[in-house]
Each structure stands twice: as structure tokens, then as C-alpha cells.
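Just so you know, all these numbers are worked out from the coordinates, no wet-lab data involved. Please read these numbers as outputs of a predicted model, since none were measured by experiment. With ideal geometry, Cβ positions are generated from the backbone for all residues, glycine too; neighbour counts draw on all protein chains shown.
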Amino acid sequence: MNTKIPAYLYQKGNIIRLIIFTAIFALLFINFFQPFGSRGWYPQISDFKYFVFSSLIILTGMLVVVISRMIMLHYTRRHNLNYWQFAGWILCEVLAMSLFYALFTKFIPREGMNRDFMEIFRKSTINTGLVLLLPYSISWLYFSWKEKNNMLENIEKEDTVLENHSKSMIAFPDEKGELKISIMQENILYIDSADNYITLHYLNKSKLSHYMLRNTLKWMDENLIKDTLLVRSHRSYIVNLDKVKVLRKTKTGIFIELDAENTPDIPVSKTYYERFMNKFSQYSV
């Protein structure tokens with residue numbers, strides 16, 4: 001219960017939807033179903049007056065919710081709200097609406113003057129809580145469903161982007177900026193370096209091929225592979241995440257096994273470990 005509530009519960013758009021839906025639901029529910037024997041409390045008044053009284057009560061009750069949620073929106077910009085606090089907040093809303101309803105019932109219709117105020121307040125607290133429970137619950141379930149759908153859509157979009165990246169062509173220039181070779185990203189296995197030269201290891205018609213050019217891994221890391229599936233794992237290696245078959249931790253360090261024959265185990269150094277794992281975890285979701 002100390003866990004903070006999901007952000008969708010206090011997003012501005014969802015707060016507006018909650019208030020509108022709750023107001024409409026409560027107005028229809030009270031006037032059509034007349035729950036808790038409410039119509040019998042005032043048998044002398046006409047149906048029109050009952051509708052007017054209930055509408056005023058509901059609109060004022062929603063005003064309480066509007067003020068409450070504006071305060072909540074402002075509060076959550078600087079502080080987290082856990083489930084206990086959220087439940088207490090809802091309880092305060094119910095009590096505030098019940099208090100107004102009790103005052104209205106006691107002093108506005110003439111029939112209420114003879115009723116005990118505390119009894120009115122007790123019943124109104126129970127009734128208000130029961131009336132709000134259903135629209136609040138429906139709204140929260142809807143917000144949760146919508147949030148999960150948005151998350152799934154985002155994951156699908158990310159998968160599509162990653163798939164497009166894997167099928168894109170990467171152009172490799174030398175240190176002078178002159179294009180030397182272009183390779184489909186899905187065919188690249190890894191890149192290693194020695195001095196001021198790098199060697200591209202890739203698949204060409206399912207066969208392992210190599211190409212050496214004068215450039216540095218530092219330049220590749222900073223200018224070429226940011227939006228690709230290539231990631232630097234070591235000062236001497238860049239690997240294609242799409243070709244990682246096994247990530248193995250040993251006493252001597254962490255090593256990558258690639259999904260291709262006759263390729264060496266690629267080390268993951270401490271310097272690049274965090275950056276490598278962040279991109280690897282994102283790709284593996």
C-alpha cells in the first residue's frame with residue numbers, strides 16, 4: 001500500500017473524464033433508480049423538484065471533486081501519492097460531499113427540518129460512498145486498460161523501429177569521410193579495431209567476410225551507430241545486438257557469443273558495461 005499510485009490516476013485528462021462520467025452516472029442513477037429509499041424521504045415534492053434537488057446536490061458534489069482533484073494535481077507535481085494517501089483522499093471527498101448533502105437536506109427542503117442532522121450525515125456518507133464506488137471503479141478500470149493498450153502500442157512501435165533498423169543499410173566511411181562500403185545492418189556481426197584501423201566482420205551470402213578500413217571505433221561510436229542495433233562493448237569491439245546468442249558471465253568477465261560460426265567471444269568491459277546493458281535490455285524486451 002506504500003507503493004505510489006499509477007500516474008494515469010491523476011493525469012489532467014483522466015481527471016476531467018472521471019468527473020464528467022461520475023456526474024452523468026450519479027444523475028441518471030439517482031433519478032432513474034432512486035436508490036436507498038431516497039424518493040420516500042420527500043414524498044410530498046414533485047418529481048421535477050426531486051430532479052432539481054438531486055441535480056443541485058450532484059453538481060455541487062462534483063464541484064467538491066473538481067477542487068479536490070486540482071489540489072491533487074498540484075500536489076503530485078512535487079510529491080508521490082501512495083495507495084493509502086489516495087484512499088484517504090477519496091474518503092475526504094466522500095465526507096465533504098456527504099456534509100454538503102446533509103446540510104442541504106436539513107435546511108433547504110421544508111421536510112428536512114424535522115430530521116436529525118447526524119442521522120442524515122451518517123446515511124449520506126454511506127450512500128455517497130456507494131453511489132461513487134461504481135463510476136470510480138469503472139473509470140479506474142478504463143484508465144488501466146487504456147494505459148496498458150498504450151504500452152502495448154509503444155512496444156509494437158519500438159519493435160517496428162528496431163525491425164526497420166535491422167534491415168537498414170549502414171554506410172562506412174574512412175577517416176577522410178569517403179564512403180568505402182555499405183552493409184545491411186542485419187548482416188553485420190561485429191567490428192574490431194587495431195590502431196587506427198577497423199575491421200568489419202559481416203555475412204555475405206551466409207559466409208563470413210571481412211573488410212578493413214582506416215577509421216576508429218570512437219568515431220563510429222559517436223557518429224554512426226547511435227540509432228542502430230550496434231553497440232560498443234569494449235574499447236576494441238562493437239557488436240550487433242541482433243546477432244547476440246549468449247551473454248555469459250565468468251570469473252574473468254562477461255563475454256558475448258554471436259550467432260555465427262567461427263566468431264570469437266566478444267568481451268564486455270567495465271567501461272562500457274552499463275551502456276551496453278541498457279541498450280541490450282531495451283532490445284531484449
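Key figures for this structure:
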read-out	value
Full-extension gain in nm, residue 235 to residue 194, via 0.36 nm per residue minus C-alpha separation	13.7 nm
P(r) weight above 17 Å for segment 168-263, C-alpha pairs, percent	48
Cβ-based net charge around residue 253, under 13 Å, with every Lys or Arg adding one and every Asp or Glu removing one	+3
Relative packing of 11-20, 239-248, which averages over residues the other C-beta atoms within 10 Å, highest first	239-248, 11-20
Cβ-based net charge around residue 270, under 15 Å, with every Lys or Arg adding one and every Asp or Glu removing one	+4
For segment 113-152, convex hull of alpha carbons as volume per residue, Å³	54
Rg/Rh ratio calculated on Cα atoms of segment 227-270 (Kirkwood radius)	0.94
